[in-house]
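The values are calculated or read from the model by the stated rules, or taken from the named source; none is laboratory data. Quick caveat, the model's predicted, so the values are computed rather than measured. With ideal geometry, Cβ positions are generated from the backbone for all residues, glycine too; neighbour counts draw on all protein chains shown.
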Ligand code: DCM
Ligand code: DCM
Ligand code: DCM
Ligand code: ZN
Ligand code: ZN
């Protein structure tokens, strides 16, 4: 996601934290965040160029047209290093943050960075094209028109659908968009939220599931009907926006659930 997508995921997440997780997040956030996780949710994108090793951790690539994710096959970087993808990164930073409870004073890790990475990657793994096909780099090499603008398909899903929704339906107010998603979480998705939050026995987080859902949504919605040069307008926007809303909601709910299990 772009700046707004990440901010939405983190706003939703922070509003769902219990007392102990809320307190831990407050302590770990840098002073300048003023206890607002959303304000630093894109930090990981800003440090890609300083921490070169981190740029492979924002996504996972899957084989073209298979529409499934397998950790052992797909979670590696361009050099084939195992675990270096968004799924491995979520496992890694979750494990680092678990040392907060065990060793409050001196963790061997920088847990502020771990919190900011985890919060960001939990957003990215829910962007369908962040678990897209290897051959087109998650839609980055597919050039399309978003209405009259030249863009690539990846950027449409990172930013354009969200920005167009904000402009058209929410008076360009991100807060109003967040409120609408929050209302969906408590109303139409209410009976599904428990399922989103739950992982298999004693797992703190379960990114394999989130990645599998993303590539399924990428095939069913993001790639569907799109080829090089496609013009994407109202038909595409209005039919794909529900998926974007759902993935932002799931990202926020699962970030909160993970942080509540880590610190709870
Ligand atoms: N892992 C995962 N999903 C799998 C297999 C492994 O998330 N299906 C994670 C758990 C560990 C890391 O990969 O953090 C290393 O796994 P392995 O035990 O396969 O080396
Ligand atoms: N670990 C790590 N980096 C990863 C995956 C795991 O530092 N990418 C560490 C954290 C755990 C241990 O390895 O202490 C086992 O992790 P897992 O249970 O996820 O295999
Ligand atoms: N990206 C992706 N899959 C890839 C390569 C990149 O999902 N195989 C993502 C990361 C960024 C965006 O696409 O959100 C642009 O990447 P870059 O800045 O590396 O071109
Ligand atoms: Zn992206
Ligand atoms: Zn990212």
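Within segment 57-89, being within 11 Å of ligand 1 (Cβ to nearest atom) and part of a helix (DSSP H, G or I) holds for 71, 72, 73, 74, 86, 87, 88, 89. As a summary of the residue check, residue 14 satisfies the conditions (1) within 16 Å of ligand 1 (Cβ to nearest atom); (2) assigned to a helix (DSSP H, G or I); (3) buried (at least 18 other Cβ atoms within 10 Å of the Cβ) except for the one numbered (1). Any residue at all in segment 148-168 that's in contact with a helix residue (DSSP H, G or I) (Cβ under 9 Å, 6 or more places away or on another chain), more than 18 Å from residue 243 (Cβ to Cβ) and part of a loop (DSSP other than H, G, I, E, B)? Taking every residue of segment 148-168 in turn, none turns out to be in contact with a helix residue (DSSP H, G or I) (Cβ under 9 Å, 6 or more places away or on another chain), more than 18 Å from residue 243 (Cβ to Cβ) and part of a loop (DSSP other than H, G, I, E, B). Only residues that are at pLDDT 95 or above and more than 16 Å from ligand 4 (Cβ to nearest atom) were counted in segment 109-142, giving 9. Scanning segment 201-241 for residues that are out of contact with any helix residue (DSSP H, G or I) (no Cβ under 6 Å at 6 or more places or on another chain), within 16 Å of ligand 2 (Cβ to nearest atom), at pLDDT 95 or above and part of a loop (DSSP other than H, G, I, E, B) yields a count of 2. For segment 96-142, a residue qualifies if it is touching a residue at least 24 places away in the same chain (Cβ under 8 Å) and exposed (fewer than 15 other Cβ atoms within 10 Å of the Cβ), and the qualifying residues are 101, 134, 135. The set of residues in segment 28-56 that are surrounded by 14 or more Cβ atoms within 10 Å (Cβ to Cβ) and outside any loop (DSSP other than H, G, I, E, B) comprises 28, 33, 37, 38, 39, 40, 43, 44, 45, 54, 55, 56. Residues being within 14 Å of ligand 3 (Cβ to nearest atom) and either without any contact (Cβ under 8 Å) to a residue 40 or more places away in the chain or under 18 Å from the mean Cα position of the chain (by Cα) (or both): count how many of those fall in segment 51-73. The total comes to 13. One residue alone among 206, 219 is within 17 Å of the chain's Cα centre (by Cα) and surrounded by 17 or more Cβ atoms within 10 Å (Cβ to Cβ), and that residue is 206. Test residue 92 against the criterion of being surrounded by fewer than 22 Cβ atoms within 10 Å (Cβ to Cβ) and within 15 Å of ligand 2 (Cβ to nearest atom), and give yes or no. When the stated conditions are applied, residue 92 passes them. For segment 169-200, the set of residues classified as loosely packed, with under 12 Cβ neighbours inside 10 Å and in contact with a helix residue (DSSP H, G or I) (Cβ under 6 Å, 6 or more places away or on another chain) consists of 172 only. Residues in segment 90-129 that are more than 30 Å from residue 242 (Cβ to Cβ) and not in a helix (DSSP H, G or I): 8 in all. Of all the criteria given as (1) within 16 Å of ligand 2 (Cβ to nearest atom); (2) surrounded by fewer than 18 Cβ atoms within 10 Å (Cβ to Cβ); (3) within 19 Å of residue 124 (Cα to Cα), the one not satisfied by residue 59 is (2). What do you reckon, is residue 74 touching a strand residue (DSSP E or B) at 6+ places or on another chain (Cβ under 7 Å) and either at negative phi or away from ligand 2 (no atom under 16 Å from the Cβ) (or both)? So residue 74 passes the test.
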